[in-house]
Amino acid sequence: MKVTVVGAGNVGATCADVLAYREIANEVVLVDIKEGFAEGKALDIWQKAPINLYDTRTVGVTNDYSRTAGSDVVVITSGLPRKPGMSRDDLISTNAGIVQSVTENVVKHSPDAIIIVVSNPLDVMTYAAHMTSKLPRTRVMGMAGILDTARYRAFLAEALNVSPKDIQAVLMGGHGDTMVPLPRYTTVGGIPVTELIEEEKLNAIIERTKTGGGELVKLMGTSAWYAPGAAAAQMVEAIVRDQRRVFPVCVKLEGEYGIDGVYLGVPVILGKNGIEKIIELQLNEEEKQLLENSRGHVKEVMDALDKINASA
Ligand code: LMR
């Protein structure tokens, strides 16, 4: 299996590193526009192989997409991260052009690839990549739900003083402050979370999850990378190993949840064909309202992208 990661910044390099040391692919190609940058990161990861004992070949290239040809999966992390005070949506005008041109190059050399978008604003960059690629919606998706759910699970594990391994959760909607964590579908070793934690504490964790990315931007002056990179690698693994894992993933909805033509995070089954199935939960009225709110927000940013593209 061959996997390309476009963008050798913090998130892309972390993703490539996880793919290599967990031997998720035989070959990982790292691409960047900055001369020598991807080559250096890939060489560093390769030099770690004798220490961590893996044989995934890691190769870095400067903007040479011919080297990515025939990739099974491509992860797009290109674009700018945010700085303190910025929302993810503030990145749209810079990142849209980058993601669109990267997608053109990716599809030209790997027409059979499955594409995972990580760049922000996530849902709208997934829209940009999907439109540019002209691939079926099952093969172009965005990584956010695994990351947001991981933050929610990590905060819960800390509050309950239990292993994060035992916390299962679903989270839906856009990758922003309107995301929709679902306490009704959150369990700790099979026990509904609502039986283990007071409502007030749970609500505080939900609010912290919604702004989890921003909390890290404030602390570090730039966006997170360990959890985002690992989350993208987990999606690659589910695809290349045909694991049929159930994850929240951003995909174009075509009638599911009564939503048409908007890109949102929903639970899916992820396997060798990409999105094998979209799972439709029976949401209650309050959850439907929260999802509608998230849909409205993502649609506004999608419309903003349409305007940028129309005026270009
Ligand atoms: C995240 O959630 O960590 C990413 O979307 C990056 C960011 O700026 O928040």
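The values are calculated or read from the model by the stated rules, or taken from the named source; none is laboratory data. All values derive from a computational prediction rather than experimental measurement. Cβ coordinates were reconstructed from backbone atoms using ideal geometry, including for glycine residues, and neighbour counts include every protein chain displayed. Note: accessible area is taken over every heavy atom of the protein model, side chains too, but ligands, DNA and RNA are not part of it. Shrake-Rupley method; radii C 1.70, N 1.55, O 1.52, S 1.80 Å.
Kindly provide the set of residues from segment 169-199 that are in contact with a Lys or Arg (Cβ under 6 Å, 6 or more places away or on another chain) and either farther than 23 Å from Ala230 by Cβ or surrounded by fewer than 16 Cβ atoms within 10 Å (Cβ to Cβ) (or both), ordered by number.
Listed by number, the list holds a single entry, Asp177.
Go through segment 148-168 and count every residue that is open to solvent by 10 Å² or more (accessible area, probe 1.4 Å), within 25 Å of Glu280 (Cβ to Cβ) and within 16 Å of the ligand (Cβ to nearest atom).
3
For Thr178, only one of the following conditions fails: (1) under 23 Å from the mean Cα position of the chain (by Cα); (2) part of a helix (DSSP H, G or I); (3) away from the ligand (no atom under 11 Å from the Cβ). What is its number?
(2)
Quick check on this structure: which one of Lys218, Lys252 is modelled with pLDDT of 95 or more, farther than 29 Å from Arg22 by Cα and within 11 Å of the ligand (Cβ to nearest atom)? Explain how you work it out, then say what you get.
Details: Lys252 fails: within 11 Å of the ligand (Cβ to nearest atom).
The conditions single out Lys218.
With the condition kept exactly as written, say whether any residue in segment 197-205 is within 11 Å of the ligand (Cβ to nearest atom), farther than 25 Å from Ile115 by Cα and in contact (Cβ under 8 Å) with a residue 12 or more places away in the chain.
At the first step, the residues of segment 197-205 found to be within 11 Å of the ligand (Cβ to nearest atom) are none.
The answer is no, given that none of the residues of segment 197-205 is within 11 Å of the ligand (Cβ to nearest atom), farther than 25 Å from Ile115 by Cα and in contact (Cβ under 8 Å) with a residue 12 or more places away in the chain.
Quickly run through segment 226-241 and pick out the residues that are farther than 17 Å from Gly145 by Cβ and open to solvent by less than 60 Å² (accessible area, probe 1.4 Å).
Residue satisfying the conditions is Val240 alone.
Of Thr94, Thr77, Thr68, which residue is away from the ligand (no atom under 16 Å from the Cβ), hydroxyl-bearing (Ser, Thr, Tyr) and either out of contact with any Gly (no Cβ under 8 Å at 6 or more places or on another chain) or more than 28 Å from Gly255 (Cα to Cα) (or both)? Give the steps one after another, and end with the answer.
Working: Thr94 fails: away from the ligand (no atom under 16 Å from the Cβ); Thr77 fails: away from the ligand (no atom under 16 Å from the Cβ).
Thr68 is the lone residue from the list that is away from the ligand (no atom under 16 Å from the Cβ), hydroxyl-bearing (Ser, Thr, Tyr) and either out of contact with any Gly (no Cβ under 8 Å at 6 or more places or on another chain) or more than 28 Å from Gly255 (Cα to Cα) (or both).
Tell me whether segment 220-227 contains one or more residues that are assigned to a helix (DSSP H, G or I) and of a type in the set (Gly, Ala, Ser).
yes
Quick check on this structure: which one of Val246, Val262 is under 20 Å from the mean Cα position of the chain (by Cα), among the hydrophobic types (A, V, I, L, M, F, W, C) and open to solvent by 60 Å² or more (accessible area, probe 1.4 Å)? Steps first, please.
Numbers: Val262 fails: open to solvent by 60 Å² or more (accessible area, probe 1.4 Å).
The conditions single out Val246.
Got a sec? Which of Val140, Val118 is hydrophobic (A, V, I, L, M, F, W, C) and open to solvent by 10 Å² or more (accessible area, probe 1.4 Å)? Before you say what the answer is, go through the steps one by one.
Details: Val140 fails: open to solvent by 10 Å² or more (accessible area, probe 1.4 Å).
On inspection, the qualifying residue turns out to be Val118.
What number goes with the only condition from (1) under 25 Å from Gly214 (Cα atoms); (2) without any contact (Cβ under 8 Å) to a residue 40 or more places away in the chain; (3) in contact with a helix residue (DSSP H, G or I) (Cβ under 6 Å, 6 or more places away or on another chain) that Ser78 does not pass?
(2)
So that you can scan it fast, the table gives a plain yes or no per residue for (1) more than 24 Å from Met131 (Cβ to Cβ); (2) open to solvent by 10 Å² or more (accessible area, probe 1.4 Å); (3) under 19 Å from the mean Cα position of the chain (by Cα); (4) not basic (Lys, Arg):
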| position | (1), (2), (3), (4) |
| --- | --- |
| Lys48 | yes, yes, no, no |
| Gly60 | yes, yes, no, yes |
| Thr68 | no, no, no, yes |
| Asp72 | no, yes, yes, yes |
| Arg82 | no, yes, yes, no |
| Ser87 | no, yes, yes, yes |
| Asp90 | no, yes, yes, yes |
| Ile98 | no, yes, yes, yes |
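Any residue at all in segment 23-38 that's polar (S, T, N, Q), open to solvent by 10 Å² or more (accessible area, probe 1.4 Å) and either assigned to a helix (DSSP H, G or I) or within 16 Å of the ligand (Cβ to nearest atom) (or both)? Steps first, answer last, please.
Here is the first cut: in segment 23-38, the ones polar (S, T, N, Q) are 26.
Imposing the further condition that a residue be open to solvent by 10 Å² or more (accessible area, probe 1.4 Å) reduces the set to 26.
Still in the list and also either assigned to a helix (DSSP H, G or I) or within 16 Å of the ligand (Cβ to nearest atom) (or both): none.
Within segment 23-38, not a single residue is polar (S, T, N, Q), open to solvent by 10 Å² or more (accessible area, probe 1.4 Å) and either assigned to a helix (DSSP H, G or I) or within 16 Å of the ligand (Cβ to nearest atom) (or both).
Got a sec? Which of Asp123, Asp55 is acidic (Asp, Glu), open to solvent by 20 Å² or more (accessible area, probe 1.4 Å), at negative phi and touching a residue at least 24 places away in the same chain (Cβ under 8 Å)?
On the way: Asp123 fails: open to solvent by 20 Å² or more (accessible area, probe 1.4 Å).
Going through Asp123, Asp55 in turn, the sole match is Asp55.
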